[in-house]
1. Say R0 is 35 Å: what FRET efficiency, to the nearest 0.05, do B:Q200 and A:A114 get from their beta-carbon distance?
2. Mind checking the full-extension length gain between A:M1 and A:S88? Use 0.36 nm per residue of separation minus the Cα-Cα distance, one decimal, nm.
3. Separation between the B:V336 and B:R440 pseudo-spin-labels, each 7 Å from Cα along Cα→Cβ, expressed in nm?
4. Go through region B:119-133 residue by residue and turn each phi into a ³J(HN,Hα) via Karplus (6.51, -1.76, 1.60, θ = phi - 60°); whole Hz please, and just put x for glycine and proline.
5. Quick one: which of A:K48/B:K207; B:K31/B:K371; A:K23/B:K451; B:K31/B:K207 span more than 24 angstrom between C-alpha atoms?
6. So for the pair A:V80, B:F59, with labels modelled 7 Å out along Cα→Cβ, what separation do we get in nm?
7. Would you please give the FRET efficiency between B:R112 and A:R155, computed as 1/(1 + (r/R0)^6) with r the Cβ-Cβ distance and R0 = 35 Å, to the nearest 0.05?
8. Once phi is turned into ³J(HN,Hα) by the Karplus curve 6.51 cos²θ - 1.76 cosθ + 1.60 with θ = phi - 60°, what whole-Hz value does each residue of region B:230-238 show in order, with x for glycine and proline?
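Rule-based calculations on the coordinates, nothing more; no lab input. A quick note: this is a predicted structure, and the numbers were derived from the prediction, not measured. Positions of Cβ are generated from backbone atoms using ideal geometry, with glycine treated the same way; all protein chains shown enter the neighbour counts.
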Amino acid sequence: MQGVIAAFGELDSTVHAIEDLRKQNFRDIAVYTPAPRHELEDAIAAPKSNVRRFTLIGGLLGVTFGYWVPIWISDYWPIVVGGKAVASWIPYTIIGFELMVLIGSLSTVFGMFALARLPRLTLTVGYDPRFSHGDFGVWVAAGPDRAPQATEVLRKHGALEVRHER
Amino acid sequence: MATMAKPRPPHLDGPNIAAAGNRLPSVQDYKQIDREIIATLKPTLGWFALLGSAILALFIGIGSWTYQIHEGLGAAGYQPPVMWGVYIVSFVFWVGIGHAGTLISAILYLFRAGFRTTIYRASEAMTVFAVMTAGLFPILHLGRPWKFFWLIPYPNWRLIWPNPKSPLVWDVFAILTYLTVSATFFYVGLIPDIAVLRDQETNPVRKRIFAALALGWRNSDTEWRHFTRAYLFLAAFATPLVLSVHSVVSFDFAMALVPGWHATIFPPYFVAGAIFSGIGMVFTIIIPIRKFMKLQHYVTINDLDAAAKLCLFTSSVVGLAYLTEFLVAWLSGNPVEQEYFWNRVFGQWAWSAWIMIICNMVLPLSLFSQKLRRNTTWLFILSIFINIGMWFERFVIVIPGLSHEYEPWQWGGYHPTWVDFGILLGSFGWFFMWFLLFIRQMPVMAIAEIKEIVPPPMRHVHGHPVTADGSHTTGGAH
């Protein structure tokens, strides 16, 4: 994908550049930041993460499986003790809870990886090691016709460096 | 928008006094964090000496275990009626040590406790390695350790299944879940920091390893958005898990009809004890780390003071539980229970009970003094006492209970052998070997999270441009 990438040294310049780009109808924007910042999240106005759905489904599957395993074992290999329930849900709650946590956690991580497209074998074109170190990066998708406009906006807000990437 | 804090001007080099909105005043920018934390990865002679000692201790443990496998469990000093000994004591001890890490990384994360930020990575590593150590002990305790997997329910040709009503089976689920979830939580938190190492590394081999471990992390807003959500949910899962794991471990005792064990107080008592012992171990590892890795301006005295208050609180809960046990025995009117508790503090095992009481109840009272809470030497010495006291707490629970049951003719003694002590020493070697390897390969502090609490670099502060010397002018509002 063609676009322009810029490095910024300051947070507020980055936020203003993103806001200005969005005003000028640039929609495909990505930000690289050494640490998560609410300011950038607000400027990008991205939708809420869907990781929570993976957590919910994983947790429900886990708790179901966690009850099913001991109930099935008790039914298959009954230990009959003086009129007590062969399959007793109260002690099985421990196994149900543990498997809810286990499968819920693993599916949360799976969801994060799937939604964030991880693991990835190559870094995006334009990625710069500075973006994990101390600088902020702004990538904006722009064809040859709109690239000069994006460059101008980024420079106006104090970009340290602006590059065209293809 | 969230906070837009004023950065500390770079020319000021004043005392390290934290204020609201700026917890680490001596840390001025993101690059300084990377530089100083990556500098801790360089091995030193002292580190090699410690690693060598840990590996030596581990070999002593392996030698002792080999001897025990050859000779049988009798080599470990088991003698009826005491058929649980140092291994079960150490199992509970190491599971307990693991608890503080998850408390600090997950529970305090949900509570937004600022002091956790700089100490949680080391505590989390401690958790993972402590649970790895704890998991060895039930296997060491088996007569045929190679058949440990029989406790896991899986379809097998014998058509035999474990009893899911047994606390030992619950333990398998609880410990394996805890190990998996804490290791996952630990690794997920490490990914952005490994990406920093990948980007800063110059050695091509190490760079490739870090690149593989970072999974292609790029610090993009999409990645952070899903990461922060996933981290929150993992913390939310880990929080009840911490409380459940030691509760389940306590059921190993509380479900049995042994005097002193069969008590409903056990789950909260064990959880409080676990957190208390874990905080003790956090002090044992974090105080030398901050001193020898020169990270005093990250783990500030204020952070240690806050952790010491948590230590004092959990010590009080544990002390209350000790006293409540006596009250319950007294009110129960059960002579066996009363006899057991009398024997605990004035009889055969009085020495171990008093070590426990002095180390866990009396000495931590010193933390009421602010001066001692802020004295790192005292905190380190106290942490050693807490480690010893908490090992003896489990000794006091396991041994006197089994050696002094209902019938006087059944009463007996217990004498651990050199094999027990060799394996106990080996467990410390195993734990510290992993921990020492970790602190020189991975950042001992969470780089990305520290960057979150440091004021970000700003061009304009309160609408005024910042000049080259860090001050800002009154004109030129943007």
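1. So the FRET efficiency works out to roughly 0.80.
2. Net length gain for the segment: 25.4 nm.
3. 5.4
4. In residue order, the calculated couplings are 10, 6, 5, 5, 5, 5, 4, 4, 4, 4, 6, 5, 5, 4, 6 Hz.
5. Among A:K48/B:K207; B:K31/B:K371; A:K23/B:K451; B:K31/B:K207, the Cα-Cα distance tops 24 Å for A:K48/B:K207; B:K31/B:K371; A:K23/B:K451.
6. 5.9
7. Efficiency at R0 = 35 Å is approximately 0.35.
8. Per residue, the Karplus-derived 3J(HN,Hα) values read 4, 5, 4, 5, 5, 5, 5, 6, 5 Hz.
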